[in-house]
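Enquirer: Pasting in a structure now, in structure tokens, and then I'll have a few things to ask.
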Amino acid sequence: MSRRDRRGGFTLVEVLVVLAIAGVLAGAVHRFLAQHRRFYAHVEAGALNHDALRVAWAVLAPDLREADALAGDVVLLAPDSLQVRSPVGFGVVCAADPSRGLVALLEARGRLLTGPDSLLVHGAGGWRVARILARDPAGPVPGCAYGAGTVAVLELEGGTGDLAPGDPLRAFRSWTYHPVQLGAAWWLARSHGADLEVLAGPLTTAGLRFRFLDAAGAVTSDPASVARVEIAARSESPVAAGGEPRSASLTIALRGRNR
């Protein structure tokens, strides 16, 4: 081999050395990227856990804060489930027609429709449960003689003879909050009859627990005695196939209305 040919190429030993160095560098880069992928996967899983718990808090808190156990808003107690009246609408009476079971509303917000929802009506004898048989029925209806006029007219089950102008109406739906298993994971859900809404998750096994306390701070199983509800939720998200799952927990205590 001439000296000119020798300067224009590499020996086998030189090529092997370069390949060895490149292999070491590639391995180092691969380990670096794998570590970063695991790190970001853990961060993402943790964020998903916290998001799931925030959703659980956002849904449960308004219902429990509005619940008045003495008025029957808390219906069912169990270690992993709770049935409570969830407010879905509100109205103020301005006139009533007891002969037809009609009531005219000066103000109405949210859901005041026939269907699965019910009403809490505050009449002369206090709060009672009624159902909406019809909204804005045909024929003559009572009208508001003051304010901005009638907003809606309802036909109520149980009559309207105990109602007077200024009485409030609260529409509600009795939701049961409980865990539900979908595939291999558990989720926080709420149901009413056949209606089921999946709200947040995934949760760990037994990742939703309720504790019910009375005004003295003692554990109670009497729905009418509940003054405070403690909720413990634990969310779990897998990092990757075969990886260790990440989990987060949240414990909150809520007092109901008039407590």
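The values are calculated or read from the model by the stated rules, or taken from the named source; none is laboratory data. Just so you know, these numbers come straight off a predicted model, no measurement behind them. Cβ: placed from backbone, ideal geometry, glycine included. Neighbour counts: every protein chain shown. The accessibility values were calculated without ligands, DNA or RNA, using every heavy atom of the protein model including side chains. Shrake-Rupley method; radii C 1.70, N 1.55, O 1.52, S 1.80 Å.
Enquirer: Working with all protein chains in place, sort GLU107, GLU157 by solvent-accessible area computed with a 1.4 Å probe, largest first.
Expert: Sorted by accessible area, descending: GLU157, GLU107.
Enquirer: Classify region 52-105: rounded, prolate or oblate, from the alpha-carbon gyration tensor (a ≥ b ≥ c, eigenvalue square roots; a/c under 1.5 rounded; otherwise prolate if a/b is larger than b/c)?
Expert: Cα axes put region 52-105 in the prolate bin.
Enquirer: Can you give me the distance in nm between label points at THR205 and LEU12, each placed 7 Å from the Cα along the Cα-to-Cβ direction?
Expert: The two pseudo-label positions are separated by 6.0 nm.
Enquirer: Based on the alpha-carbon gyration tensor of region 113-154 and its eigenvalue square roots a ≥ b ≥ c, which shape applies: rounded if a/c is under 1.5, prolate if not and a/b is larger than b/c, or oblate?
Expert: Oblate is the answer for region 113-154, as a/c is 1.5 or above yet b/c matches or exceeds a/b.
Enquirer: For ARG65 and LEU182 in the same chain, what is the full-extension length gain: residue separation times 0.36 nm, less their Cα-Cα distance, in nm?
Expert: Working it through step by step, the gained length comes to 39.2 nm.
Enquirer: Would you mind classifying region 87-162 by shape? Square roots of the alpha carbon gyration tensor eigenvalues, ordered a ≥ b ≥ c; an a/c under 1.5 is rounded, otherwise it is prolate if a/b is larger than b/c and oblate if not.
Expert: rounded
Enquirer: A further question on this structure: Which value in nm describes the separation of the simple spin-label points at ALA216 and VAL129, placed 7 Å from the Cα toward the beta carbon?
Expert: The answer from the label model is 2.9 nm.
Enquirer: On average, how much accessible surface per residue is there in region 98-218, in Å², for a 1.4 Å probe, leaving out ligands, DNA and RNA?
Expert: 48
Enquirer: Give me the distance in nm between label points sitting 7 Å out from Cα along the Cα-to-Cβ direction at HIS30 and ILE252, one decimal.
Expert: My value for the distance between the label points is 4.7 nm.
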